[in-house]
Amino acid sequence: ANVQGIGSEPDNLVITWEPLKGFQSNGPGLQYKVSWRQKDVDDEWTSVIVANVSKYIVSGTPTFVPYEIKVQALNDLGYAPEPSEVIGHSGEDLPMVAPGNVQVHVINSTLAKVHWDPVPLKTVRGHLQGYKVSTV
């Protein structure tokens with residue numbers, strides 16, 4: 001339960017989940033099948049089986065790409081029901097380009113109007129948090 005996927009570096013995807021407690025495992029040998037694939041790409045699922053953890057790090061991912069993720073419990077008696085998928089993103093990186101067509105219109109000694117063309121979203125490589133305007 002509570003499955004999430006968030007990158008901690010530009011080239012990874014950190015998958016976390018809330019582990020089952022005690023009797024919830026319904027038997028001995030509790031493990032988790034962690035599965036992921038890029039969203040909107042016709043890829044096969046990649047899966048690993050892990051035990052005694054509630055986190056798995058996928059390395060070598062492209063920067064800020066959506067992934068479908070699922071985590072399924074299993075024990076010595078078999079698999080839990082198929083889980084629903086959640087969407088996560090691999091890690092963010094610095095934007096690749098600065099805004100273009102920057103224009104400044106000075107209104108008076110304490111006020112200026114600044115305009116620019118937004119950067120293309122594909123070059124942002126993450127969640128665009130805003131633009132920083134500096135004076136010299």
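The numbers here are math on the coordinates, done by the rules we state, and not lab data. Every value quoted in this text rests on a predicted model; they were computed, and no experiment measured them. With ideal geometry, Cβ positions are generated from the backbone for all residues, glycine too; neighbour counts draw on all protein chains shown.
Residues of the range 12-37 being over 10 Å from the mean Cα position of the chain (by Cα) and within 17 Å of residue 68 (Cα to Cα), which ones? Within the range 12-37, 16, 17, 32, 33, 34, 35, 36, 37 qualify. Checked against (1) in contact with a strand residue (DSSP E or B) (Cβ under 8 Å, 6 or more places away or on another chain); (2) in contact (Cβ under 8 Å) with a residue 40 or more places away in the chain, residue 77 passes all but a single condition, namely (1).
If you go through the range 109-127 and keep only what is aliphatic (A, V, I, L, M) and within 17 Å of residue 62 (Cβ to Cβ), you end up with 121, 124.
If only residues of the range 1-11 that are of a type in the set (S, T, N, Q) and in a loop (DSSP other than H, G, I, E, B) are counted, the one that is nearest to residue 83 (Cα to Cα) is 2.
Annotation note: of 40, 11, 76, 93, the sole residue that is exposed (fewer than 12 other Cβ atoms within 10 Å of the Cβ), closer than 20 Å to residue 125 by Cβ and not hydroxyl-bearing (Ser, Thr, Tyr) is 40.
For the range 96-116, which residues satisfy the criterion of being assigned to a loop (DSSP other than H, G, I, E, B) and surrounded by 12 or more Cβ atoms within 10 Å (Cβ to Cβ)?
Of all residues in the range 96-116, those assigned to a loop (DSSP other than H, G, I, E, B) come to 96-99, 109-110.
If the condition is that a residue be assigned to a loop (DSSP other than H, G, I, E, B) and surrounded by 12 or more Cβ atoms within 10 Å (Cβ to Cβ), then 96, 99 are the ones that fit.
When 16, 63 are checked against the criterion of being surrounded by 11 or more Cβ atoms within 10 Å (Cβ to Cβ), more than 18 Å from residue 84 (Cβ to Cβ) and not small (Gly, Ala, Ser), 63 stands alone in meeting it.
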